[in-house]
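K.L.:
Before anything else, here's the structure in question.
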Number of protein chains: 4
Amino acid sequence: MLAAMLHGARDIRVESCAQPKPGPGMVLLRVRRAGICGSDSHYFARGDCGPFVPTRPFILGHEFTANVAALGEGVTAPVVGTRVTVNPARACGFCSYCSSGRRNLCRKTIMLGSASTKPPTDGAFAEYVTVRADQCHVLPAELDDTIGAMMEPLAVALHAVKRAGAVSGKHVLVMGGGPIGLLTAMTARAFGAVPVVLSDIVPARRKLALDFSADLALDPAVKHLSEQVSSLTGDGFDVILEASGARPALRQAFDLIRPGGTIVQIGTLGVEDVPLPANHLMLREIQLVGSFRYGNVFDEAIRLAASGRLNLRPLLTGLFPLAQTLDAMKQADDKTNALKVQIEVTAP
Amino acid sequence: MLAAMLHGARDIRVESCAQPKPGPGMVLLRVRRAGICGSDSHYFARGDCGPFVPTRPFILGHEFTANVAALGEGVTAPVVGTRVTVNPARACGFCSYCSSGRRNLCRKTIMLGSASTKPPTDGAFAEYVTVRADQCHVLPAELDDTIGAMMEPLAVALHAVKRAGAVSGKHVLVMGGGPIGLLTAMTARAFGAVPVVLSDIVPARRKLALDFSADLALDPAVKHLSEQVSSLTGDGFDVILEASGARPALRQAFDLIRPGGTIVQIGTLGVEDVPLPANHLMLREIQLVGSFRYGNVFDEAIRLAASGRLNLRPLLTGLFPLAQTLDAMKQADDKTNALKVQIEVTAP
Amino acid sequence: MLAAMLHGARDIRVESCAQPKPGPGMVLLRVRRAGICGSDSHYFARGDCGPFVPTRPFILGHEFTANVAALGEGVTAPVVGTRVTVNPARACGFCSYCSSGRRNLCRKTIMLGSASTKPPTDGAFAEYVTVRADQCHVLPAELDDTIGAMMEPLAVALHAVKRAGAVSGKHVLVMGGGPIGLLTAMTARAFGAVPVVLSDIVPARRKLALDFSADLALDPAVKHLSEQVSSLTGDGFDVILEASGARPALRQAFDLIRPGGTIVQIGTLGVEDVPLPANHLMLREIQLVGSFRYGNVFDEAIRLAASGRLNLRPLLTGLFPLAQTLDAMKQADDKTNALKVQIEVTAP
Amino acid sequence: MLAAMLHGARDIRVESCAQPKPGPGMVLLRVRRAGICGSDSHYFARGDCGPFVPTRPFILGHEFTANVAALGEGVTAPVVGTRVTVNPARACGFCSYCSSGRRNLCRKTIMLGSASTKPPTDGAFAEYVTVRADQCHVLPAELDDTIGAMMEPLAVALHAVKRAGAVSGKHVLVMGGGPIGLLTAMTARAFGAVPVVLSDIVPARRKLALDFSADLALDPAVKHLSEQVSSLTGDGFDVILEASGARPALRQAFDLIRPGGTIVQIGTLGVEDVPLPANHLMLREIQLVGSFRYGNVFDEAIRLAASGRLNLRPLLTGLFPLAQTLDAMKQADDKTNALKVQIEVTAP
């Protein structure tokens, strides 16, 4: 089969390689469409992803639409031909995290298109990939390949909003107007948040946020932001979802949150400690909550998208055939203009 | 009446002053017994308490047992003579915090024995004090004055344990073996935490913790603490309650907490920011939660203490008549040997 | 002032009576617009409302828009002239229910326009009415008097949806297509429920539900409803909100609910016991939850309505001047065609 | 191997049969001690258990202690020789219930010692039994075989108390003084309930409840029970756990519950509908919640028992060798005197 193989920093080559075989409990998938995630860009830029250093060339990609091509031993569903999207994080299913409903915390998780395992686990920038049968989520006809390949980042957003507790009827701020921030704002709105405010230092992203789903967009660098927020919300936001990954943003969240409010950290911040006002957190009973990947939310994401409650299509800003994966990766690097860049592996 | 008046740093004088009168909705209380809190010690040591600078001499004390002495206009209960303890934080009852059950966050709260209002609000180191009728909680015969005057710090502990979510069946660590830490450990145990571990750098306090309620006491300064904790808990504690107010303790909590676990900040930390591993919090979906004072827990505290589930008596390490309030304050300063020092205002 | 006085069954007379005076903590309101609730219709039809038998003629009405006309002693806000809607249930603010955030359960509640007190408490079908200051919720310019007077029934719906826990991403069925059912469906949709299904035996109401907010409308009397529901939802609805008040509807809910699902009873059912499959509830861990009035949700309701997330206007099916209150009450009786009938007390 | 084979109503024969072999992912266990559950008694009495009719003779027993005797393919832990207790309900691990932490609702569950599958699944009244590796929970030395074989009914109690939400500091009533009722009361107490009250119509059981863990025992058939409860609790119990399986008990719970309170149905009630006051439930916002088996609570149960917080030993009222299983089953039938009867399969 053909695959876009990552050989090192900025070195992706579309080349022929062995087609994987589905073992017991697994299915072989024929990939149709795959999106580029920030972590794919990180691997592309540096050849590794923080502590995850690949021990051999491997295939990136974990946001995708595919057709079931073959079933491993013991698998009866989904049947061959079914069009699916995939939860790329394969949790063990039986540890204490898995059995208590928090499988995103499973220590034995195998992640597609990632060097977190040794050897790395190949992903979806390839004609074929294998996953465990339960990782597949059937796509209804309402969702085409473009939207189907957005279910994974939407799952990140859905999970983050759920980590905030109920947002319905609440004043919500999303920090950061990248794809995850926009999806988070869209989800918060679909879950009843009123108003949904987005902050980003880039004016173009603020404009985009308004087009997408935000009631208001703020510049976090403006003077007297607290006063502006007070006049809007009274005592501050009930919920702040930090999706920028900027360390000053998380610190600022504590100035903008209401007593009793919840701050959810979604963005990746780097390993260094962040100075935070812990006494203020105590006096005002603030919650600071981490959000990592997604729980059991893919079917919800699919149902929500299929219902028309969300307008995901404008997220797509680039589409390339598999042969041009290198160009796709380069376009995805343009953080000002690119939102979601996808690779068409199999033309429909 | 006689009262212990705070005139400035280390200047408390027992002197005669005007007896307060209960306005509409208020009751006059004859104080029986009052305990000294860490914040009383802070006022005594420095004459103020951080941003709360008294505009006139005033009376400290907010942990106490009393009898109802007179009723203000419109009050029918509790009747004159009833023995009560008091929730010293008088929330407004009608703001959005109060009406949603979070009255400890009410911005209009009037706190007994505190300079958070201008002028300061007199407290219970006096023969008489006035409170709103609903601040009174009737004491059953099972609870004598000593224990009755401990309901306020017990309420702090109860509230903190509730802020952790359910602790039943969970691995719980309490950091800090002062009165609040000990009460918190005792409460966690009474609520089903297994095991309850307490950490304190002072050996005497670790010994005390074992006598009180902890299954195990740890020295937080020991090398390889994480390894020790791993062998005990597997992936770390489910819940950590930080009651020491030491900044390194809060940082350490992040090394000892299980993925998905909850850290509750109870202790006062000072205004400076604390460097915290926010990326680690994100990746492991840790919750960091503030706990401030107490919600609607006084009747619970009373019921729990009256049931014999808690052994509070050993907390009392000193008892002085009102005339010797100065000596009582000095003894309370001895953080190594003193736990709870009380003032007998009216001999039973 | 003029008021529509209820003298007995089907005997409402618009007559002159004494204008009320606001006592301490209270405000006098000049009523602008008031809606007719099902309980108003019940009083009108029978002269009483179950156990609530009026001891004198009194004024109905508890859904309304008004202007602040005068302030009682001690009140500083909202200022005279402010346009408000009102939470008609005046909880005490200090009992254990109130202090734990469940003031709709307060046993001392005084309800406007109701004979639950002796003597009855006059309501808003009058030029003036008095309420406690905190019962007022300021209306923004986006909400005109029509919509402002719908905030009370919207609060009922909001509270019911919150009683279900999170509905976002869930399969939700609302039983009953009257005003509360329609508002509940609209709210569930605004909070992210997917799909929102409504059932009603009246075809016209099913059609209306689709126009309003439901993704699908079902006839509960159809054969093989379970099969139809299975093909739509798999194992059944995650949440069922019973707003019809029909006893067979509640029983049917148990056939349509998913294991682990939640049934919320909103409608009034009459005093007789309803046979329910309690063993089935045990085996499938179903929750059956009551929902009564509303908690602290008026500001949320206002914010949600003002944001344009809800289209409430089509609920209004009749408007009469105060002088024609009797006609208004009669039109409200026509359960097939009338949704919300309002009385214009003061023309804007 | 030897096994106690159920051939029909009251027909259990200890006979030789083929020893099972552990397939991939499974382990072979050598049974040490096994307890008799109410459902075992039901099968013994009638040959079936409601809708579960065995298609061949089979082996009962699902509460037990065992040693790991052999590992199936792919299993590495627990190692051969480990002493374990077992979660007898093998959920699939991957359906929507399993992945959201509610595996007790998994529709594909295979239950040990039960005819809910066709053919029936053999249980632990035998020298050997096979289970999936993750069903095993390692027993610490503090728990001997007697207590180890009680972890399954304790898990039922633990799960039920958790279904009530937090019980700490709450007024709790347990209805029914059989083994599950006693364990539930003991657990509620260990989780901080104050007071814990137990009701049973049998005087001997009320006496026993006091010896075990209850603060008070009530006769549910006494006149004026509501008044008695009011004087104890004020507005009623916060939580009622119905473990008697008596239909009048569930109805009575509605008279004894506080507004906003929670009733948990644990006992099996039979298939017929139970008349319940649904309007009362609505007006008072009562929750009626089913509790079925157990979630992920075995390690908690073990930790709690090993800590000495619970005194389980007096539950054992009979012990028989495997050869006398028939006598054991007969003794377990004596509901007045027998609590837990166990079978010693392998002498230690």
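The values are calculated or read from the model by the stated rules, or taken from the named source; none is laboratory data. All values derive from a computational prediction rather than experimental measurement. Ideal geometry is used to build each Cβ from the backbone, glycine not excepted, and the neighbour counts take in all protein chains shown. Keep in mind that these areas ignore ligands, DNA and RNA; they rest on the heavy atoms of the full protein, side chains included. Shrake-Rupley method; radii C 1.70, N 1.55, O 1.52, S 1.80 Å.
K.L.:
What is the pair-distance distribution P(r) of chain D, computed from all Cα-Cα distances in 20 Å bins starting at 0, with each bin given as a whole percent?
P.N.:
31, 57, 12, 0
K.L.:
Using alpha-carbon pairs under 8 Å, 6+ residues apart, how would you state the relative contact order of chain D in percent?
P.N.:
Taking the mean separation of contacting Cα pairs over the length of chain D, I get 18 percent.
K.L.:
Taking the Cα centre of the range C:3-83 as origin, sum charge times position over the Cβ atoms of Lys and Arg (+1) and Asp and Glu (-1), and report the length of that vector in debye to the nearest 20.
P.N.:
Taking the Cα centre of the range C:3-83 as origin, the dipole is about 180 debye.
K.L.:
Say R0 is 56 Å: what FRET efficiency, to the nearest 0.05, do C:SER231 and C:ASP334 get from their beta-carbon distance?
P.N.:
0.95
K.L.:
Here is a further query. Output wanted: per-residue J couplings in Hz (rounded whole) for the range A:213-219, from phi through Karplus 6.51 cos²θ - 1.76 cosθ + 1.60, θ = phi - 60°, x for Gly and Pro.
P.N.:
Whole-Hz 3J(HN,Hα) from phi for the range A:213-219: 7, 7, 7, 7, 10, 10, 8.
K.L.:
Name the most mobile residue of A:PRO275, A:PRO195, A:PRO321, meaning the one with the largest mean-square fluctuation, in a Gaussian network model of chain A with Cα contacts below 10 Å.
P.N.:
Of A:PRO275, A:PRO195, A:PRO321, the most mobile in the Gaussian network model is A:PRO275.
K.L.:
Within 15 Å, Cβ to Cβ, of D:ALA34, how many net charges do the neighbouring residues add up to if Lys/Arg are +1 and Asp/Glu are -1?
P.N.:
So the environment of D:ALA34 carries a net charge of -4.
K.L.:
Peptide C:89-101: average number of partner chain Cβ atoms within 10 Å per residue?
P.N.:
Averaged over the peptide's residues, the number is 6.
K.L.:
Determine the relative contact order of the range D:140-290: mean sequence separation of Cα pairs under 8 Å and six or more apart, normalised by residue count, in whole percent.
P.N.:
Relative CO of the range D:140-290 lands at 21 percent.
K.L.:
Continuing with the same structure: Of all the Cα-Cα pairs you can form in the protein assembly as shown, what percent are over 51 Å apart?
P.N.:
That tail contains 32 percent of the Cα-Cα pairs.
K.L.:
I'd like the interface area for chains A and B: accessible area of each alone minus the complex, both sides summed, 1.4 Å probe, protein heavy atoms only. What is it in Å² to the nearest 100?
P.N.:
Summing both chains' loss of accessible area gives about 3300 Å².
K.L.:
Once you wrap a convex hull around the alpha carbon atoms of the range C:157-290, what is its projected area averaged over all directions, in nm²?
P.N.:
7.2 nm²
K.L.:
What is the sum of charges, Lys and Arg at +1 and Asp and Glu at -1, for the other residues whose Cβ falls under 14 Å from the Cβ of B:ARG10?
P.N.:
-2
K.L.:
Calculate what fraction, in whole %, of the accessible area of the range B:224-348 sits on carbon and sulfur atoms when a 1.4 Å probe is rolled over the protein chains.
P.N.:
51 percent
K.L.:
Among A:ARG258, A:ARG13, A:ARG284, determine the one that fluctuates most according to a GNM of chain A built with springs between C-alpha atoms less than 10 Å apart.
P.N.:
A:ARG284
K.L.:
Would you mind telling me which residue in D:GLU242, D:GLU272, D:GLU285 has the biggest mean-square fluctuation in a Gaussian network model of chain D, where springs connect alpha carbons within a distance under 10 angstrom?
P.N.:
Result for chain D, Cα springs under 10 Å: D:GLU272 fluctuates most.
K.L.:
Please give the contour-minus-distance gain from C:LEU319 to C:MET1: 0.36 nm per residue of separation, less the Cα-Cα distance, rounded to one decimal in nm.
P.N.:
Extra length available between C:LEU319 and C:MET1 comes to 112.4 nm.
K.L.:
Going by average Cβ density within 10 Å per residue, which order do the peptides A:34-40, B:111-117 take, highest to lowest?
P.N.:
Those peptides, ordered most packed to least, come out A:34-40, B:111-117.
K.L.:
Rounded to the nearest 500, what is chain D's calculated 222 nm mean residue ellipticity when only DSSP H runs of at least 4 contribute -39500 (n - 2.57) each, over all residues?
P.N.:
Rounded to the nearest 500, it is -7500 deg cm²/dmol.
K.L.:
Report the antiparallel proportion of the DSSP beta bridges in the protein assembly as shown as a percent, rounded to a multiple of 5.
P.N.:
Roughly 60 percent of the DSSP beta bridges within the protein assembly as shown come out antiparallel.
K.L.:
In nanometres, what is the gap between the two model label sites at D:GLU272 and B:LYS223, each 7 Å from Cα along Cα-to-Cβ?
P.N.:
Computed distance between label sites D:GLU272 and B:LYS223 equals 7.4 nm.
K.L.:
Report, in debye and to the nearest 20, how large the dipole of the range D:157-290 comes out about its Cα centre when Lys and Arg carry +1 and Asp and Glu carry -1 on their Cβ.
P.N.:
I would put it at about 200 debye.
K.L.:
Now for a different question. Residues of the range A:170-199 losing 20 Å² or more of accessible surface, assembly versus chain alone, probe 1.4 Å, please list them.
P.N.:
A:HIS171, A:ARG189, A:ALA190, A:PHE191, A:GLY192, A:VAL194
K.L.:
I would also like to ask the following. For the protein assembly as shown, with every protein chain kept in place, what is the accessible area per residue (1.4 Å probe, Å²)?
P.N.:
Ligands and nucleic acids excluded, the result is 35 Å² per residue.
K.L.:
Determine the shielding of peptide B:269-277 by partner chains: average, over its residues, the number of Cβ atoms on other chains within 10 angstrom of each Cβ.
P.N.:
Per residue, the average neighbour count from other chains is 6.
K.L.:
Would you mind counting up the charge near A:VAL196? Only other residues with Cβ under 10 Å from its Cβ, with Lys and Arg at +1 and Asp and Glu at -1.
P.N.:
+1
K.L.:
Next question, about the same structure. For the protein assembly as shown, give the magnitude of the charge dipole about the Cα centre (Cβ charges: +1 Lys/Arg, -1 Asp/Glu; no others), in debye to the nearest 20.
P.N.:
0 debye
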